[in-house]
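The values are calculated or read from the model by the stated rules, or taken from the named source; none is laboratory data. Because the structure is a prediction, the values reported are computed rather than measured. Note that we place each Cβ from the backbone using ideal geometry, even for glycine, and neighbour counts take in every protein chain shown. Accessible surface is based on the protein model in full, side chains and every heavy atom, while ligands, DNA and RNA are left aside. Shrake-Rupley method; radii C 1.70, N 1.55, O 1.52, S 1.80 Å.
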Amino acid sequence: MNRIVQKYRAEIHQCGVVVDEDKWDVSLYTPSSIVSPKEHSEILSLIDSRVDLLYTSKAIVNPAWLVQKLTKPLRPICITEGNVQRYTISPTTTADDDKYFTIICCNPSYYSEGSSSTNHIHWVHHSISPDQSTVTGYYYTPGSADDDSEWGRGLTPELFWAHYKQIIAPNLTEDGTDEVIDAIVRQDRDNYLSYGRDNSSSTKYTDKIGEMSLWIGSYEAGKPPDCWENFDAILNVTESEFPEIEESINTQQKRYERECFYLQLPVAQGKRDINEFERRWMSLGLVFIIHHLQQKRRVLVYSTKGRDRAVAIVLALVVLVCHPVYPLRLKDEFNHFNIGDMTKDQDGANNQLYMRSGLCHVLVTTLLKDDSREIFLEWMHQQTSSASHKPFADKESVRIVLQLVTQYRETAEPTRSTAQKLNRFFMSSPLYRQNKIS
C-alpha cells in the first residue's frame, strides 16, 4: 500500500501531504519470530511487481482520495503470543506516531517449540484449578483461523453478536454449543430464503458489474415472477430452486410473448462441494452467461447471499472476457466467440434445447462430462488465439479481478474454499501439464 501510494503521490502534487518524499517509508516489516530472513527477502522481491499490476489494473478507482487520506505511510506493529515482535529486517527501531499511521497486527496463533506450519494439533493450557487437580484447555491447530469455513459452521460475526449470550452460555458442552450454532444458522438461512432481508432495509439485492449487461444478486433477486421485470436470463448457483420458476417462464411466454431463460447449477455451499464446481458446473455456467450476453440479454447470476458462488462464476467470466482494468468492459472479440465450436464434431440434434437454458442439449451434455473444464478451456484458447501452454490466470491476477468486481459488488467475498476452486479451475487443468491444445 505504501508503494502504490508513493506512485500516486508522484502524480498528484497538490494533495496536502505533510511528509517529505524522501522520508516516505516503503520498507517491509515482518516479525522475526515467524518470518525468516530468507522468507522476508522472497516477499520483498515480489512487492514491486504486485504494485505494478495493481497500478496498471486501475483497481484503485480514486487514487486522489487515497493520497489525501493516507498522508503518512502505514507501519505494522506485530503482536504474537502477547508480545510485541522484533522485526526480521528493520531500518528503524521504533514507530513514531508523527511519521506513521500504525496498524496493530495481532496473530492469535500459538507456536510450540519445534513446530512448523505443516503440523500440528497441540494442547494449549487454559487454566489449572486451585487444588492442581484439574487442568483445562483446548486442542489448537496453527493457522486454523484462516479456514473459518471449516470450523465456523456458517456462523457470521453478525449472527454471533446477535446471539452471543446463547452461544457462550456457561452450561453448554462442546456438542451443545455446536447444536446451538447449527440451529441459529439454520433459522437464519430459512428466514433468508423465505422472507429475504429485512423489508425495511434499503440494501440492494443486485449489483450491475461494469459496463456489461450482467448482475450479481442474492437469492431473493431470482424470485419469480418479479425477477423477469429486470432480467432475461437467470443463472441460479444454489441447490435450492423456487418451485414457481417454471410456471413464471410459461406465463411470460404466453401472456407477453417473451422468451425468458433459466438454468440451475446445484452447487453445494462451501466444502460440501468437493470439486464439482470447478470440474463441471463452472464451465456450463460460463457458457450460459456468454451465450446470453452475446444475445444482448440482461443476465442475473445469483447465489444465497450473492457473496460466494455467484461471485466466483463472474470472476471467472471477467478473467476470460474482460480487460483487467476499471471500468470492466467486454473485449472486442467477445461477440465473435462461437460456442457451437465446442460440439461441431459431434452428431446429434444441435437445435434441440436443454430445458429453459437456451443452450443446445448436446452442448450441455458435453459440458456435464468429467472433462468439461478441459473442453471449455481448450475452446477459450481457440476463440482468443491465446498461448496454449499458458493458463488464463494465476492467483495474483484473480485477486486483482476480485478487487475490480468488488468496486461494483461490495459484498463480494468468496470463501477460501471457493477461491481455491477458482484457482484450480484456471491453473490445474491437465491441458497445461500435457500441452494438448493444437
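Could you run through region 357-381 and say how many residues are part of a loop (DSSP other than H, G, I, E, B) and either surrounded by fewer than 19 Cβ atoms within 10 Å (Cβ to Cβ) or out of contact with any strand residue (DSSP E or B) (no Cβ under 6 Å at 6 or more places or on another chain) (or both)? The total comes to 5. Residues in region 52-83 that are among the charged types (D, E, K, R) and under 16 Å from Glu11 (Cα atoms): Asp52, Lys58, Lys69. The single condition from (1) assigned to a loop (DSSP other than H, G, I, E, B); (2) open to solvent by 70 Å² or more (accessible area, probe 1.4 Å); (3) in contact with a helix residue (DSSP H, G or I) (Cβ under 9 Å, 6 or more places away or on another chain); (4) not small (Gly, Ala, Ser) that Lys296 fails is (3).
Considering only residues that are in a loop (DSSP other than H, G, I, E, B) and either on the phi < 0 side of the Ramachandran plot or within 23 Å of the chain's Cα centre (by Cα) (or both), which ones fall in region 382-400?
Ser386, Ala387, Ser388, His389, Lys390, Pro391, Phe392, Ala393, Asp394
Within region 305-347, the set of residues being in a loop (DSSP other than H, G, I, E, B), under 20 Å from the mean Cα position of the chain (by Cα) and charged (D, E, K, R) comprises Lys305, Arg307, Asp308, Arg329.
Considering every residue within region 265-282, establish whether at least one is without any contact (Cβ under 8 Å) to a residue 12 or more places away in the chain, closer than 17 Å to Thr365 by Cα and under 26 Å from the mean Cα position of the chain (by Cα). The answer is yes; a qualifying residue exists. Scanning region 26-43 for residues that are free of Cβ contacts under 8 Å to residues at least 60 places away in the same chain, open to solvent by less than 70 Å² (accessible area, probe 1.4 Å) and either part of a helix (DSSP H, G or I) or closer than 27 Å to Ala393 by Cβ (or both) yields a total of 3. Here Arg424 clears all of (1) under 25 Å from Val325 (Cα atoms); (2) modelled with pLDDT of 90 or more; (3) touching a Phe, Trp or Tyr at 6+ places or on another chain (Cβ under 8 Å); (4) open to solvent by 60 Å² or more (accessible area, probe 1.4 Å) except the condition numbered (3).
Modelled with pLDDT under 85, surrounded by 15 or more Cβ atoms within 10 Å (Cβ to Cβ) and not in a strand (DSSP E or B): is that true of Val19 in this structure? In short, yes.
For every residue, the table says whether it meets (1) open to solvent by 20 Å² or more (accessible area, probe 1.4 Å); (2) modelled with pLDDT under 95; (3) not in a helix (DSSP H, G or I).
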{"site": "Ser240", "(1), (2), (3)": "yes, yes, yes"}
{"site": "Pro243", "(1), (2), (3)": "yes, yes, yes"}
{"site": "Ser248", "(1), (2), (3)": "no, no, no"}
{"site": "Lys254", "(1), (2), (3)": "yes, yes, no"}
{"site": "Arg258", "(1), (2), (3)": "yes, yes, yes"}
{"site": "Ala268", "(1), (2), (3)": "no, yes, yes"}
{"site": "Lys271", "(1), (2), (3)": "yes, yes, no"}
{"site": "Ile274", "(1), (2), (3)": "yes, yes, yes"}
{"site": "Glu278", "(1), (2), (3)": "no, yes, no"}
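Residue-level analysis places Arg279 outside the set of residues that are among the charged types (D, E, K, R) and within 22 Å of Gly217 (Cβ to Cβ).
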